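*Asks:* Let me begin by handing over the structure; questions about it come next.
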Amino acid sequence: MSAAPAYSEDKGGSAGPGEPEYGHDPASGGIFSSDYKRHDDLKEMLDTNKDSLKLEAMKRIVAMIARGKNASDLFPAVVKNVACKNIEVKKLVYVYLVRYAEEQQDLALLSISTFQRGLKDPNQLIRASALRVLSSIRVPIIVPIMMLAIKEAASDMSPYVRKTAAHAIPKLYSLDSDQKDQLIEVIEKLLADKTTLVAGSVVMAFEEVCPERIDLIHKNYRKLCNLLIDVEEWGQVVIISMLTRYARTQFLSPTQNESLLEENAEKAFYGSEEDEAKGAGSEETAAAALPARKPYIMDPDHRLLLRNTKPLLQSRSAAVVMAVAQLYFHLAPKAEVGVIAKALVRLLRSHSEVQYVVLQNVATMSIKRRGMFEPYLKSFYIRSTDPTQIKILKLEVLTNLANETNIPTVLREFQTYIRSMDKDFVAATIQAIGRCATNIGRVRDTCLNGLVQLLSNRDELVVAESVVVIKKLLQMQPAQHGEIIKHLAKLTDNIQVPMARASILWLIGEYCEHVPRIAPDVLRKMAKSFTAEEDIVKLQVINLAAKLYLTNSKQTKLLTQYVLSLAKYDQNYDIRDRARFTRQLIVPSEQGGALSRHAKKLFLAPKPAPVLESSFKDRDHFQLGSLSHLLNAKATGYQELPDWPEEAPDPSVRNVEVPEWTKCSNREKRKEKEKPFYSDSEGESGPTESADSGKQMAELGRPAYEGGGSYYSSTDPESESESDSKSSSESGSGESSSESDNEDQDEDEEKGRGSESEQSEEDGKRKTKKKVPEGKGEASSSDEDSDSSSSTSESEMTSESEEEQLEPASWRRKTPPSSKRAPATKEISLLDLEDFTPPSVQPVSPPAIVSTSLAADLEGLTLTDSTLVPSLLSPVSRVGRQELLHRVAGEGLVVDYTFSRQPFSGDPHMVSVHIHFSNSSDTPIKGLHVGTPKLPAGISIQEFPEIESLAPGESATAVMGINFCDSTQAANFQLCTQTRQFYVSIQPPVGELMAPVFMSENEFKKEQGKLMGMNEITEKLMLPDTCRSDHVVVQKVTATANLGRVPCGTSDEYRFAGRTLTSGSLVLLTLDARPAGAAQLTVNSEKMVIGTMLVKDVIQALTQ
Amino acid sequence: MIHSLFLINCSGDIFLEKHWKSVVSQSVCDYFFEAQEKAADVENVPPVISTPHHYLISIYRDKLFFVSVIQTEVPPLFVIEFLHRVADTFQDYFGECSEAAIKDNVVIVYELLEEMLDNGFPLATESNILKELIKPPTILRSVVNSITGSSNVGDTLPTGQLSNIPWRRAGVKYTNNEAYFDVVEEIDAIIDKSGSTVFAEIQGVIDACIKLSGMPDLSLSFMNPRLLDDVSFHPCIRFKRWESERVLSFIPPDGNFRLISYRVSSQNLVAIPVYVKHSISFKENSSCGRFDITIGPKQNMGKTIEGITVTVHMPKVVLNMNLTTTQGSYTFDPVTKVLTWDVGKITPQKLPSLKGLVNLQSGAPKPEENPSLNIQFKIQQLAISGLKVNRLDMYGEKYKPFKGVKYVTKAGKFQVRT
């Protein structure tokens, strides 16, 4: 130990005048000594057995490598230290090895045994780093060793080592491509891995080694989609871009039948009234009318990909956002692509390089889908501080976005740009104006005038650019613009820019009949200066001369000959050629002259106007966001984006095999099996995982988040198996199962997290233990649940119970922390009874209320017009119990209220509100009554009778009626006790302002017919899978609004009717559900405000 | 993917190179220098350059070029994003991302690059993990190291890399547990000649500095979350919670990081806190012009506007400027033609102004365009969009953290056309 300080003194001395080469900057250290000598010193230092000396030497060597200096002659000295104990020395030796091993292969072999030993180390990090270095040494002789090491590491317990194995695959492949087949096996194995850590790396390896083996992806497709959000950013980019290609080969184009589908849907909807007689048949016939092309239904896996990538648009990484954007652009139906615009516009705030790439892609997209970026037009406005390349790209986008409506604003912007100091940019702006003028006929003249004005600009470049653009514009409608051509002719005296001069000459020649006087004069002038002109101008002079000779040979014959003679002796052979050829064409010679007879046709043929189009026009055949797209040329290794297939390949290839036991439908059996399954759900995600995760836990002491269960989307077998069982039970509808599976998963996890955080608040220590029992509890509860049900199908059941579980959870969150724990135990019992009895939390037990769901079931059964007793059917409001007065604010008095949905006895126009008081203070509260209310116009209150006394701990219920006058304004009033007054307010949800009405289907239709036009509000929505069954839909609607169901002949239509309480206006609600989850909600009501709010509420309830 | 990296300074020296696959000769950079020459301005060097055998993707940060060599197809943003991440890491480690700092710490830089990329594919880029693997240099540590010969390389294992929360390291301990949030909003605007707003929007970020022990689970809620139109998140945020409840729920990384960045929906009118009266004119056929600008407060919500700076890129023909100012100080750089006026605070009683004569090159035509004014300012304790943090709750740990939120509004790309 004493050696170290001694050395440091030593070193202090060495920096002195004696040995200046040991300066502190190791890289520039050797100025005075020869390389040879210095390396000698380094070798000496490496040979000592002091780590600090070795480290110092290695640092200098690394510094040399960093500067790009050659340090290869130190190889033998360095490689000896590969087994050094000191971690930093070791690391630096690795750096050196990886850099020089390729050059000194024989010597590098000396180090191999160290790494082989490292591969067997018990520490996962050492294993990983040994593999990393071993695979980075590009020495062909060790290929077999590498192969072996990779295979072994691929089934390592530690995901980190497996990740390293995935990284090593492309390294080996680039070293020896003959190993491909074996490597593919490894890739296949790693693709099945369920950890997020591995996913990104293995897909990267897949892309580099065997991107054509798309069949390897099938089985892992759903898993990759579900894992995606948890993979690190770099992996996300790679996976998304691979999945884009995959989807293009496996799914049908979402756009092919889009127009057809919409038409079809509309027909069915509007047609329903007339062909009542046909009833349910109408839709089928409409579909049958198009037998050749069955309506497009998006593959559920396709939808899964779109849905799971969408949140990533909000990633902080620009690369991820771009990857998702291109995925949507290439894969999503037209209507959904719009979502990416916002995120892309956000990236414009980023570094200029990011802006550059994003703008290029936006430019391409904006040609195809202009509407998408139109709302963000102003975000592309140019600042004077933008770099020129950004300015030009923004200009491109602005031009692409310009249309009839926004062109005035765009042109106004362009006007500002023209005065910029950046001349390249000005030139580009003029081009842009030209393009706007050609694309939008309405502004063509305005643009042309503007450009002509620019001709008097002081800057020659601006003038020249304008001339070129004017030339193109004039070509479209030359007849009207003789004046402009004259003006241009005058400019030939001043403009020196060759391109502009050439353009003017061409114009004059082409339209010489519009300027018969001026043209010969221009030619005269040009002939005079011919020799001094640029080549491009000379060619145009010849051109002009030829055209004039043909139209006006009397005046210009001599001039033409003069020009042609000058050209004949020009230095440029191009010009000499042209002159010779022109002369032969136009001047009739003695023999033949067949050509010269047609000369006029040759020279003065009408020429099509040029089309000014974006340079980004056809770029979208490259995958957006790729290097090839940016360069507009195929880069090495670019994978073509395949076209959509005509026929969808078999979707069942993506089905993952189901373990035997989940297939059994017998519930009893399943229940038995489930218990052990849930209890050790933690580490079971993969066969290799279980041992390992336990180990990691021990190693790192971080219990909560370890193991296979991932952070956001749980990959727990629990949820997966659930989906499996479902898909097996409802064969064929793989769609709904996979989707709902996903939903379940989220909720599961959501819940898990909620309860976890809560309980950790209670007691942090029990955190780890708690998880297991909780899982058990859940399992048993859901079992009981399913046992008790017999009428509904199983899948419905589970999704529903999930719903219910969530409901109280969210309610609990709103309540103050003190009362948080209380409902926890109730929750389970609530679940059990949910289906047949009102929830036990219900404070006032309404007499003989059959629960919503059962009632709804009954209704579904009755197809006759039999009316049911209203009181029997008034379901319980979704809103549940709400707080009126908090314990703290009320000084111990807690007041809640519910909308009971019973008719208020005193006044039918009133909504009956049950108020529930409880006294949590230790003194009795006396004289509870409603104080003088201050109410908005129209609203009135029927007070409840005074409660004389409420003892501590006791509770009481009172009923009061409020006439809300068909508005959702809050009723404010005072609650008075003997000592205090509390200001409270009750605001009704719109659904409580009505009462159910019972009518027959025919009556309903008749009434609906009266309430069309302004009184009808229609909204489209997507029903999530969780609420596609009759049962759930009816329940959700009736819970949201106090409406009664109207029996209905067709199965996919739901009708509900009610009357507002105060005015008694009818409220009719129709929900038309279509197979794929699309639905249309229509509300007919005289009260438009109520209608609109109701639509909003119902949609929210249904889509939640 | 990424084959090699070259760091090049402004004068064109390649001062660091790193190869992840076979060595690529420095001469590949010649294509880059060529493009740089053509571009004239550093900002205009195209980020992607195609050469016969390679593609060069570069970024320009802090007067340095990071040039990476690519051989096969790769999303360019992937590389650009990574290079910026490298620059950020240097910044994080050395306090600045400069040539001197990199040269001084060349070994650490090399070790970092080694960890960040494996075979050209990013491996560990989270600052929390890297700091566990390679300790950042501090003065104290470098003294200790030189005495004891110990190293900057951590000998413990990077726990973050192995967990599902890769952004947080395990075993964090603080004696003072604190969580600070800075809500910083920037106003991007283009104001036209007449003073009307052509374009304005608010871009905001919430930067967090979290020093909490253990594994805290935080949730941050806002009074008015609907204001946030477009949000991008740090990976630690649970997207589902935000979607359903508009609450930011996350297990934070340790230290400083950007929690979210957002844009306030464009439907809302943006309050523009300052106005500028300007009259800049150049006389035809004379070698001088007039310059007169005045700044005043407007819609400032009763807060003082401070730190005002006006930057003007004058046209090339301007030789010199003779100005007088009622407040602050100004400088004019005759080489870059940049006029900078450092105003400071605005007091409504006496509006700051800057006026005087502009000397032009004689004989040259008068400039056509008036230069646009770039304005910087700062308003403390105000988020101009009205965004307010409601509360911060912590679960998972038992201690009571100290919490703080700070609001600042700044000018972003705030430009007045004249």
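The values are calculated or read from the model by the stated rules, or taken from the named source; none is laboratory data. What you see is a predicted model, and the numbers here were worked out from it, not measured in a lab. Neighbour counts run over all protein chains shown; Cβ positions are idealised from the backbone, glycine included. The accessibility values were calculated without ligands, DNA or RNA, using every heavy atom of the protein model including side chains. Shrake-Rupley method; radii C 1.70, N 1.55, O 1.52, S 1.80 Å.
*Asks:* Say a paramagnetic label sat at a point 7 Å from the Cα of A:R524, along Cα to Cβ; which residues of region A:534-559 have their backbone N under 12 Å from it?
*Replies:* The answer is A:555-556, A:559, whose backbone nitrogens lie closer than 12 Å to the label point.
*Asks:* Taking amide H positions as placed 1.01 Å from N in the peptide plane, with prolines and chain starts having none, which residues 5 or more places from B:F414, or on another chain, fall under 5 Å of its amide H?
*Replies:* B:A189, B:I375
*Asks:* For region A:492-620, what's the relative contact order in percent, using C-alpha pairs closer than 8 Å and at least 6 residues apart?
*Replies:* Contact order relative to length: 21 percent.
*Asks:* Same structure again: How much accessible area does A:E103 have with a 1.4 Å probe, in Å² rounded to the nearest 10?
*Replies:* 110 Å²
*Asks:* Report, in whole Å, the centroid distance computed from the Cα atoms of region A:385-416 and region A:330-345.
*Replies:* First find each Cα centre; the distance between them is then 22 Å.
*Asks:* Report the equivalent ellipsoid semi-axes for chain B in whole Å, largest first, defined as the square roots of five times the eigenvalues of the gyration tensor built from alpha carbon atoms.
*Replies:* They are 41, 33, 20 Å, listed from largest to smallest.
*Asks:* If you find the alpha carbon centre of region B:347-413 and of region B:75-102, how far apart are they in angstrom?
*Replies:* Here the two parts' Cα centres lie 26 Å apart.
*Asks:* Can you compute the modelled spin-label distance between A:Q981 and B:S98, with each label point 7 Å from Cα toward Cβ, in nm?
*Replies:* Once both label points are built, they end up 6.9 nm from each other.
*Asks:* Which one, A:I947, A:M960, A:N1002, is farthest towards the positive end of the dipole of region A:936-1021 when Lys and Arg carry +1 and Asp and Glu -1 on their Cβ?
*Replies:* With unit charges placed on the Cβ atoms, the residue in question is A:N1002.
*Asks:* So how strong a dipole does region B:272-378 carry about its Cα centre when Lys and Arg Cβ are +1 and Asp and Glu Cβ are -1, to the nearest 20 debye?
*Replies:* 280 debye
*Asks:* Assuming R0 = 30 Å, can you tell me the calculated FRET efficiency for the pair B:T347 and B:R246, based on Cβ-Cβ distance, to the nearest 0.05?
*Replies:* In this case the efficiency is close to 0.15.
*Asks:* If you place +1 on the Cβ of every Lys and Arg and -1 on the Cβ of every Asp and Glu, how big does the dipole about the Cα centre of region A:433-540 come out, in debye to the nearest 20?
*Replies:* 160 debye
*Asks:* At B:T304 and A:H929, where each label point lies 7 Å from the Cα along Cα→Cβ, what is the point-to-point distance in nanometres?
*Replies:* Computed distance between label sites B:T304 and A:H929 equals 5.8 nm.
*Asks:* B:T294 accessible area, nearest 10 Å², 1.4 Å probe?
*Replies:* Estimated to the nearest 10 Å², B:T294 gives 30 Å².
*Asks:* Got a number for carbon plus sulfur as a percent of region B:272-378's accessible area, 1.4 Å probe?
*Replies:* Result for region B:272-378: 51 percent of the exposed heavy-atom area is carbon or sulfur.
*Asks:* Tell me the relative contact order for region B:272-378 as a rounded percent, counting alpha carbon contacts under 8 Å between residues six or more apart.
*Replies:* Relative contact order here is 37 percent.
*Asks:* Sticking with this structure for a sec: List for region A:305-334: residues with 20 Å² or greater reduction in accessible area, all protein chains versus chain alone, probe 1.4 Å?
*Replies:* A:P311, A:Q314, A:R316, A:A318, A:A319
*Asks:* If the viscosity is 1.306 mPa s and the temperature 10 °C, what translational diffusion coefficient in µm²/s does Stokes-Einstein give for region A:911-989 when Rh comes from Kirkwood over Cα pairs?
*Replies:* Rounded, D is 120 µm²/s.
*Asks:* If you don't mind, another one. Taking a probe of 1.4 Å, how large is the accessible area per residue of chain B, in Å²?
*Replies:* 40 Å²
*Asks:* Just to confirm the number: angle between the C-alpha axis of helix B:29-39 and the first principal axis of chain B, 0 to 90 degrees, nearest 10?
*Replies:* Roughly 20 degrees between the two axes.
*Asks:* From Cα pairs below 8 angstrom and at least 6 apart in sequence, can you work out the relative contact order of chain B, rounded to a whole percent?
*Replies:* About 14 percent, as a whole number.
*Asks:* Accessible surface of A:K391 in the full protein assembly, 1.4 angstrom probe, to the nearest 10 Å²?
*Replies:* Estimated to the nearest 10 Å², A:K391 gives 10 Å².
*Asks:* Taking the dipole about the Cα centre of region B:272-378, with the C-beta of Lys and Arg at +1 and of Asp and Glu at -1, give me whichever of B:I280, B:L373, B:T326 is farthest to the positive side.
*Replies:* B:T326
*Asks:* Kirkwood Rh over alpha-carbon pairs of region B:1-146, then Stokes-Einstein at 20 °C and 1.002 mPa s: what D in µm² s⁻¹, rounded to an integer?
*Replies:* Estimated via Stokes-Einstein, D reaches 136 µm²/s.
*Asks:* Using just the helices of chain B, give the 222 nm mean residue ellipticity in deg cm²/dmol: DSSP H runs with n ≥ 4 each add -39,500 (n - 2.57), and the total is spread over all residues, rounded to 500.
*Replies:* Here the helix-only value at 222 nm equals -5000 deg cm²/dmol.
*Asks:* Right, something else. Among B:A101, B:I129, B:S11, flag the residue with its Cα farthest along the positive direction of the charge dipole of region B:1-146, charges on Cβ as +1 for Lys/Arg and -1 for Asp/Glu.
*Replies:* Result: B:I129.
*Asks:* Right, another one. Hey, for a label at A:Q969 modelled as a point 7 Å past Cα toward Cβ, could you say which residues of region A:992-1030 have their backbone N under 19 Å away?
*Replies:* Within reach of a label on A:Q969: A:992-994.
*Asks:* Helix B:139-148 versus the longest principal axis of chain B: what is the Cα-based angle in degrees, 0 to 90, to the nearest 10?
*Replies:* 40 degrees
*Asks:* Sticking with this one: Could you check the spin-label model distance between A:E483 and A:K334? Points 7 Å from the Cα along Cα→Cβ, value in nm.
*Replies:* About 4.2 nm separates the two model spin labels.
*Asks:* In the neighborhood of A:E613, defined by Cβ-to-Cβ distances under 15 Å, what is the net charge if each Lys or Arg adds +1 and each Asp or Glu adds -1?
*Replies:* Neighbour charge sum, excluding A:E613 itself: +3.
*Asks:* Can you give the FRET efficiency to the nearest 0.05 for A:A609 and A:R1074, using r as the Cβ-Cβ distance and R₀ = 60 Å?
*Replies:* 0.80
*Asks:* Can you list residues from other chains, or at least 5 along the same chain, whose modelled amide H is less than 5 Å from the amide H of B:V274?
*Replies:* B:K298
*Asks:* Please arrange A:Y569, A:Y562 by accessible surface area, largest first, computed with a 1.4 Å probe and ligands excluded.
*Replies:* My answer, sorted largest first, is A:Y569, A:Y562.
*Asks:* In Å², rounded to the nearest 100, what is the total accessible surface buried by chains A and B against each other with a 1.4 Å probe?
*Replies:* What A and B bury together is about 10200 Å².
*Asks:* A follow-up question, please. Can you work out the FRET efficiency for the pair B:N224 and A:Q1104, with r the C-beta to C-beta distance and R0 = 25 Å, to the nearest 0.05?
*Replies:* With R0 = 25 Å, the Cβ-Cβ based efficiency is 0.70.
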